[in-house]
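Student: Here it is, the structure, as structure tokens.
The values are calculated or read from the model by the stated rules, or taken from the named source; none is laboratory data. Just so it is clear, the structure is predicted and the values come from calculations on it, not from any experiment. Using ideal geometry, Cβ is built from the backbone for each residue, glycine included, and neighbour counts are taken over all protein chains shown. Note: accessible area is taken over every heavy atom of the protein model, side chains too, but ligands, DNA and RNA are not part of it. Shrake-Rupley method; radii C 1.70, N 1.55, O 1.52, S 1.80 Å.
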Amino acid sequence: MRTLAGTCAQCGRSSDVTVGVMRVRGAEALDPHFGLPLLLVEKTAAGLLWAYNPAHLQALHDYAVAPLRERAGVANGSMFSRLPQWMKLARNRVLLQKATARLMARAR
């Protein structure tokens, strides 16, 4: 926890504000540091798709459309190795492609 000086832009009053970082983990689409809901979220028949930002969403889309998904490096060392199982299954490839495309359209 850390204390920062905060000043109101409207009235000019100044006060100390305690801020901190919290690690949130779970099935919900929340920012892991601040616990705030993510904006890039899409429910699918197989599971919940979420992305932190457009770059993260583009990486997920590229993974979905890749004709060959090769493993490189240490096991469980990449973002793609840690994806939920439903995203890795070949039968959900089209579902993932469509969901990422919808989110990309919404993010523009």
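Student: For the chain, what does the helix formula give at 222 nm: sum of -39500 (n - 2.57) over DSSP H segments with n ≥ 4, over the residue count, nearest 500 deg cm²/dmol?
Tutor: It lands at -8500 deg cm²/dmol.
Student: Right, next: Can you give the FRET efficiency for Arg91 and Val17, using 1/(1 + (r/R0)^6), R0 = 41 Å, r = Cβ-Cβ distance, to the nearest 0.05? Please report the intermediate quantities before stating the final value.
Tutor: On the way: r = 49 Å, r/R0 = 1.20.
Approximately 0.25, to the nearest 0.05.
Student: Further question on the same structure: Can you tell me which of 12-20, 81-89 comes out highest on packing, and rank the rest after it, using the mean Cβ neighbours within 10 Å?
Tutor: Packing proxy ranking, top to bottom: 81-89, 12-20.
Student: If you don't mind, another one. Tell me the Kirkwood radius of the chain: reciprocal of the mean inverse pair distance over distinct alpha-carbon atoms, in Å.
Tutor: Evaluated over the chain, this radius sits at 16.4 Å.
Student: Related question: With the full set of protein chains in place, find how many percent of the accessible area of the chain is carbon and sulfur; take the probe as 1.4 Å.
Tutor: 56 percent
Student: Using modelled backbone amide H atoms (1.01 Å from N, in-plane), which distant-in-sequence or interchain residues come within less than 5 Å of Leu40's amide H?
Tutor: Placed amide hydrogens put Ala51 under 5 Å from Leu40.
Student: Once phi is turned into θ = phi - 60°, what whole-Hz ³J(HN,Hα) does the Karplus curve with 6.51, -1.76 and 1.60 give for every residue of the range 97-104, x standing for Gly and Pro?
Tutor: The phi angles translate into 4, 5, 5, 5, 5, 4, 5, 5 Hz.
Student: Can you give the accessible area per residue of the chain, in Å², using a 1.4 Å probe?
Tutor: With all protein chains present, the chain gives 74 Å² per residue.
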